């Protein structure tokens, strides 16, 4: 393998290190302007997107990943990777594809587990991370508020009983 190709494989390996999710897409049908628009949207998300040759991608992947993809590494391929919000990256690609009829999601990996195009679509449909956190905190707030009100009521009753005992004790 020529040095130039080795450098590209090393660059891809570097991109993959520490990333939680990667998505392989078929970019057929995207004009250069649309491709730049998609790259810009993905970059705003804190992710990366690059066109790669399948044979170089196979060399950059571990054997298990390349075997798991099977036929996913055919045709034109672009690679999107992130170490941030996986749902957000999925959402950007799926929504862009819905509007422009390209790129087509081939497959992906989330924390080393193979994902189908359908599973990536399901991840894209998840609410944003902030909404999930807000829902979780809101769900926790109700029981905590009830617990605090219960403690306050117990304290109020205790003070009331102590006050009544003090009044009875003081009048006798």
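Being more than 26 Å from residue 125 (Cα to Cα) and not assigned by TED's automatic domain parsing to the domain that holds residue 133, is that true of even one residue in the stretch 41-53?
yes
For the stretch 109-118, indicate whether the set of residues that are surrounded by 10 or more Cβ atoms within 10 Å (Cβ to Cβ), on the phi > 0 side of the Ramachandran plot and either assigned by TED's automatic domain parsing to the domain that holds residue 22 or at pLDDT below 85 (or both) is non-empty.
Yes, the conditions are met somewhere in the stretch 109-118.
Within the stretch 128-172, track down each residue that is under 12 Å from residue 87 (Cβ atoms), without any contact (Cβ under 8 Å) to a residue 24 or more places away in the chain and surrounded by 10 or more Cβ atoms within 10 Å (Cβ to Cβ).
Of everything in the stretch 128-172, those that are under 12 Å from residue 87 (Cβ atoms), without any contact (Cβ under 8 Å) to a residue 24 or more places away in the chain and surrounded by 10 or more Cβ atoms within 10 Å (Cβ to Cβ) turn out to be 131, 132.
Go through the stretch 2-37 and count every residue that is over 16 Å from residue 54 (Cα atoms) and surrounded by 14 or more Cβ atoms within 10 Å (Cβ to Cβ).
7
The values are calculated or read from the model by the stated rules, or taken from the named source; none is laboratory data. All figures in this text were calculated on a predicted structure; none of them were measured in a lab. So basically every Cβ, Gly included, is an ideal-geometry build from the backbone, and we count neighbours across all protein chains shown.
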